Amino acid sequence: MTVLRVVSYNIHKGRSAMGTRETLTALRLGLYNLHPDLVFLQEVQGRNERHFNLDGQHESLAAVLEMQAAYGCNAVRPRTDHGNALLSRFPILQFENQDISDHRLEQRGLLHAVVDIKGTPVHCLVVHLGLFGGSRSRQVAALVERIKRLVPQDEPILIAGDFNDWNNRLAPLFVQQLGLYEVFAVAPHARDPRLFRRLRHSLAFRQKPLAQKVHELGVEGGARMTPPPRTFPSAFPWLRLDRIYQRGFAVRSAKVLHGSPWRQISDHAPLLAELELP
């Protein structure tokens with residue numbers, strides 16, 4: 001059994017929530033203190049010819065963390081580019097970036113890497129989906145098609161990133177078509193007092209669309225309807241944008257990293273999950 005610490009984080013191109021200051025130094029220290037094994041990053045600048053300290057962000061982070069890096073360039077500007085990145089403490093056997101842009105206003109990509117974790121190939125997919133519902137549906141369809149075509153059913157999968165899916169409408173596609181479960185839906189959690197639990201359930205699901213009320217199977221066979229956590233904006237999280245989906249793991253814990261230093265680093269709060277690979 002191998003225990004993995006997995007982080008997913010939209011780093012906002014290495015700038016603070018308002019974009020007024022560079023935050024890569026604090027980001028390096030924050031990630032270093034988490035001791036991650038896999039880091040799924042979105043809005044990573046691979047090139048910045050205007051500000052040298054913001055250039056090659058995946059490379060500088062990987063160097064500090066002593067990890068391997070894979071980068072998928074999605075949005076290219078005259079003097080900058082940005083996309084998704086995967087950092088891994090284990091060997092990255094191969095990776096490919098698939099263009100899933102749905103229109104000219106948004107450049108989106110799907111970074112698919114295969115990581116060798118003590119002899120087990122683990123498929124890691126970093127995603128940052130579009131702002132429009134129709135685009136997200138088509139991008140998830142491309143993701144599902146890629147997994148069905150390239151990933152054997154008995155090999156573990158991790159999909160993490162910024163899904164921009166604040167209504168949680170995409171969860172049924174992952175559960176029903178791929179057998180993937182969001183980590184917060186299956187992570188162990190302390191039991192609440194009965195009255196508080198009923199009140200929380202009532203407030204969380206009152207007048208929600210059917211797509212949000214998805215039964216997700218727990219690691220011990222129990223099903224519960226748990227919405228993903230609020231991660232945006234990082235100072236006062238309200239929208240549920242970020243996810244970690246998994247297949248082939250047991251989930252030990254999952255949490256959102258609130259407060260300092262995270263709310264000063266980016267406009268998103270990072271996710272941290274501890275997973276067991278048999």
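The values are calculated or read from the model by the stated rules, or taken from the named source; none is laboratory data. Computed from a predicted model, the values in this text were never measured in an experiment. Note: ideal-geometry Cβ built from the backbone for every residue, glycine included; neighbour counts use all protein chains shown.
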When you scan region 65-103, how many residues do you find that are basic (Lys, Arg) and surrounded by 14 or more Cβ atoms within 10 Å (Cβ to Cβ)? 1
Looking only at region 1-30, filter to residues that are touching a residue at least 60 places away in the same chain (Cβ under 8 Å) and in a helix (DSSP H, G or I); which one of those is surrounded by the fewest Cβ atoms within 10 Å (Cβ to Cβ)? LEU29
Taking only pairs six or more apart or across chains, which ones have beta-carbon atoms under 8 Å, a first residue in region 33-44 that is assigned to a loop (DSSP other than H, G, I, E, B), and a second residue that is polar (S, T, N, Q)? ASP37/SER88
Where the second residue is among the hydroxyl-bearing types (Ser, Thr, Tyr) and not in a strand (DSSP E or B) and the first is farther than 23 Å from THR120 by Cβ and in contact (Cβ under 8 Å) with a residue 24 or more places away in the chain and lies in region 94-106, which pairs have Cβ atoms under 8 Å and are six or more apart or on separate chains? ASP102/SER135; HIS103/SER135; GLU106/SER135
Subset tally (residues that are closer than 21 Å to GLU276 by Cα and either touching a residue at least 12 places away in the same chain (Cβ under 8 Å) or among the charged types (D, E, K, R) (or both)) for region 113-152: 14
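Can ALA69 be described as touching a Leu at 6+ places or on another chain (Cβ under 6 Å), under 14 Å from GLY14 (Cβ atoms) and modelled with pLDDT of 85 or more? So that I can check it myself, show each step before the final result.
Numbers: touching a Leu at 6+ places or on another chain (Cβ under 6 Å): yes; under 14 Å from GLY14 (Cβ atoms): no; modelled with pLDDT of 85 or more: yes.
For ALA69, the condition - touching a Leu at 6+ places or on another chain (Cβ under 6 Å), under 14 Å from GLY14 (Cβ atoms) and modelled with pLDDT of 85 or more - is not met.
Quick one: how many residues across region 110-122 are surrounded by fewer than 21 Cβ atoms within 10 Å (Cβ to Cβ) and of a type outside the set (Ser, Thr, Tyr)?
Residues of region 110-122 that are surrounded by fewer than 21 Cβ atoms within 10 Å (Cβ to Cβ), as a first pass: 114, 116-121.
Filter again for of a type outside the set (Ser, Thr, Tyr), leaving 114, 116-119, 121.
Count: 6.
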Selection within region 74-108 - out of contact with any strand residue (DSSP E or B) (no Cβ under 6 Å at 6 or more places or on another chain), farther than 17 Å from PHE163 by Cβ and small (Gly, Ala, Ser): none
Answer yes if at least one residue in region 46-58 is of a type outside the set (A, V, I, L, M), under 26 Å from GLU274 (Cβ atoms) and modelled with pLDDT of 90 or more, and no otherwise. no
Kindly indicate the residue of region 45-59 that is of a type outside the set (S, T, N, Q) and in a helix (DSSP H, G or I) and also farthest from the chain's Cα centre (by Cα) among those meeting that condition. PHE52
With the condition kept exactly as written, say whether any residue in region 51-59 is closer than 18 Å to THR231 by Cβ and out of contact with any Cys (no Cβ under 8 Å at 6 or more places or on another chain). no
For ALA62, the lone unmet condition from (1) crowded, with 16+ Cβ neighbours inside 10 Å; (2) without any contact (Cβ under 8 Å) to a residue 40 or more places away in the chain; (3) assigned to a strand (DSSP E or B) is (3)
